[in-house]
Amino acid sequence: MKRVYALEEYCVGCRLCEINCTVAHSESKDIIWAFKVEEPRPLPGILVEEVKPISFGLQCRHCDDAECIKSCITGAMHRDERGAVVCNADKCVGCWTCIMACPYGTIKRNEDKGNVVSKCDLCPDLPQPACVSNCPNEALIYVDRG
Amino acid sequence: MRQLPALCHFLPYTCSQVTNPSIDPLREPMELKTYLGRKPDKLEFDENGRLVTKLTPQLVLNVPIMFSAMSFGSISLNACESLARAATQLGIYYNTGEGGLHSSLYRYGKNTIAQVASGRFGVHADYLNAAAALEIKIGQGAKPGIGGHLPGEKVRAEVSATRMIPEGSDAISPAPHHDIYSIEDLRQLIYALKEATNYAKPVIVKIAAVHNVAAIASGIARAGADIIAIDGFRGGTGAAPLRIRDNVGIPIEMAIAAVDTRLKEEGIRHQVSVVAAGSMRNSADIIKAIALGADAVYIATSALIAIGCHMCQKCNTGKCNWGIATQDPQLVKRLNPNIGARRLVNLITAWEHEIKEMLGGMGINSIESLRGNREMLRGVGLTQKEMDILGIKAAGE
């Protein structure tokens, strides 16, 4: 399946991927509205790891053998028809076992929104994830590497 | 002199009206393919019509534009790679400058011109044989009469390995080549390079446009060079001493016209191709340089602007914000060669279209017909002496 890959050699650590992820998951889809007005503000599913000069955007790897799915006690964490690992907020009880199981540390607690987890969902409504479309230096790519 | 208006502003070119038809490049084919190198005195064929004359090596350009010398060290590896990839895609050439060829760039060798300058940094047999052509740099337009200056801060591990100099040491090229003090000495180096590469690659000699450029060019042609590159006084750099950059050299239009005239008078114009460099800001400048006698042009500043240079003129600090003239890993990352190469391809493709439009307007369908065709230019606001040197008539004549 297609996944988002970070090209660490071109990532400058501007964190626009985080911002655009938040905007893409907001109600208004407007950068000003999302950051200034909307409450609660959606958490970004991508996080830029940075120890200069190295930086890269890290988000859920949508593992083939996903530890988070295996560890989920309610079946909320599941694989959708695209192959992406996503969380069903209606089933999630906020036990946060997935957070402990994830080897990449890419799942976050979202205490603003019903105590569920927040993670990358590969932007199901967009042609490609918002972080990839908006990376100014093409340091994130959305490709199928098998 | 920096404040002088560019000479090409006074050289409008003509276009076809009633008595000769203009050509629409969108509907009819236009030929921009250019061959650079020594042409034979005459062609001989056997009884079956096959060519007997042994042809000398040529550089084949799809568009008469090449990327001028910018060394790895002065510019970042990502900038070098942008130029190399764009040259490969476009079917043109880029020049390594004096910095040697980084090991990751050998795969673009077919579109690389390897420079041999006074410091001889990074010059070895593999480097020479990897390239499509070799260039001996005698002088450059931005700073004629002085060599390169690469501050030690820019000489990091990769640059040090490529240039074959210690890390952190200033790379100061000598002003002259210490083995070239005459045309005969130059001839020795030209043939040494040809010998090293088995006579398979054309040799370019690059000089700055100075007062006696025509006589020097004649000497270079007789010394065995295949191509002469002439770098005019507006050649750009962010790292040349200001008074030198602004006060030395002559306009490239004058230099090209003088060289073309001199070589034609001596009957050796076919032995050598002429490349104009320095102050080629747009496609009209290129058209005018070619009409004055150049075979192709070198561009550098405009190429860098295409990949993001903002002309802040701080290249010497090594802190280029755009990831171009820096070796700081955090800054180098700012230039993605995928994006850089795409922008360069856009630039040259756009200029190619513009050149075709201009040629079509003149009623010419091949760049060969424009080469040295000074009838296509007229002078406005120039003195008679200047027009005599340029070999053009006044507007209205």
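The values are calculated or read from the model by the stated rules, or taken from the named source; none is laboratory data. Predicted model only: the values in this text are computed from it and were never measured. Don't worry about glycine lacking a Cβ; one is built from the backbone with ideal geometry, like all the others, and counts go over all protein chains shown. These area figures cover heavy atoms from the full protein model, side chains too; ligands, DNA and RNA do not enter into them. Shrake-Rupley method; radii C 1.70, N 1.55, O 1.52, S 1.80 Å.
Brief remarks follow.
- Cα Rg, Dmax, chain B, angstrom units: 20.5, 66
- Surface burial for B against A, with a 1.4 Å probe and both sides summed, reaches about 900 Å² of accessible area.
- For the segment A:2-15, counting C-beta atoms of other chains within 10 Å of every residue's C-beta and taking the mean gives 2.
- Å² of accessible area per residue within region A:64-119, as computed with a 1.4 Å probe and no ligands counted: 58 Å²
- Residues of region A:103-146 that bury at least 30 Å² of accessible area once all protein chains are present, compared with their chain alone (1.4 Å probe, heavy atoms only, ligands and nucleic acids left out), are A:Asn137, A:Glu138.
- Relative packing of peptides B:245-257, A:59-71 - highest average C-beta neighbours within 10 Å first: B:245-257, A:59-71
- Residue-wise HN-Hα couplings along region B:196-213, as the Karplus relation 6.51 cos²θ - 1.76 cosθ + 1.60 with θ = phi - 60° gives them from phi, are 5, 10, 6, 6, 9, 10, x, 10, 9, 10, 9, 10, 7, 6, 10, 4, 9, 4 Hz; Gly and Pro carry x.
- Its Cα centre serving as origin, region B:33-115 has a Cβ charge dipole (Lys and Arg +1, Asp and Glu -1) of approximately 120 debye.
- Taking a straight line from the alpha carbon of B:Lys33, these aspartates and glutamates sit under 17 Å away, with near neighbours fewer than eight places off in the same chain left out: B:Asp295, B:Glu352, B:Glu354, B:Glu357, B:Glu368.
- Of all lysines in the structure, the ones whose alpha carbon falls short of 18 Å from that of B:Lys137, not counting any fewer than 8 places away in one chain, are B:Lys194, B:Lys201, B:Lys206.
- Packing-based order for B:6-13, B:193-200, using average beta carbon neighbours within 10 Å, highest first: B:6-13, B:193-200
- Derived scalar couplings ³J(HN,Hα) [region A:89-101; Karplus, 6.51 cos²θ - 1.76 cosθ + 1.60; whole Hz; x for Gly, Pro]: 5, 5, 8, 5, 9, x, 7, 6, 5, 4, 4, 6, 7
- Peptide packing: for B:283-294, B:352-363, A:99-110, B:89-100, the average count of neighbouring Cβ atoms within 10 Å per residue gives the ranking B:283-294, B:89-100, B:352-363, A:99-110, highest mean first.
- Most mobile of B:Val123, B:Val332, B:Val18 in a GNM of chain B (Cα contacts under 10 Å): B:Val18
- Percent RCO, i.e. relative contact order, over chain A, from Cα pairs under 8 Å lying at least 6 residues apart: 33 percent
- Each Cα pair under 8 Å and six or more residues apart adds its sequence gap; the mean of these over the residue count of region A:64-119 is a relative contact order of 30 percent.
- 3J(HN,Hα) along region B:59-75: 8, 10, 10, 6, 9, x, 9, 10, 8, 6, 5, 9, 7, 6, x, 6, 10 Hz, from the Karplus curve 6.51 cos²θ - 1.76 cosθ + 1.60 with θ = phi - 60°, whole Hz, x for Gly and Pro.
- B:Ile364 accessible area, 1.4 Å probe, all protein chains in place, Å² to nearest 10: 10 Å²
- Inter-chain Cβ neighbour average for residues B:326-335, partner chain, 10 Å: 4
- Overall dimensions of region A:64-119 by Cα: Rg and Dmax, Å: 10.2, 30
- Near the amide H of B:Phe233, within less than 5 Å, lie the amide hydrogens of B:Ile250, B:Ile252, all on another chain or at least 5 residues away, with H placed in the peptide plane.
- Solution diffusion estimate, µm²/s, Stokes-Einstein, the protein assembly as shown, Kirkwood Rh from C-alpha pairs, 20 °C, viscosity 1.002 mPa s: 81 µm²/s
- Contact order for chain B, expressed relative to its length and based on alpha carbon pairs under 8 Å spaced 6+ residues apart, stands at 22 percent.
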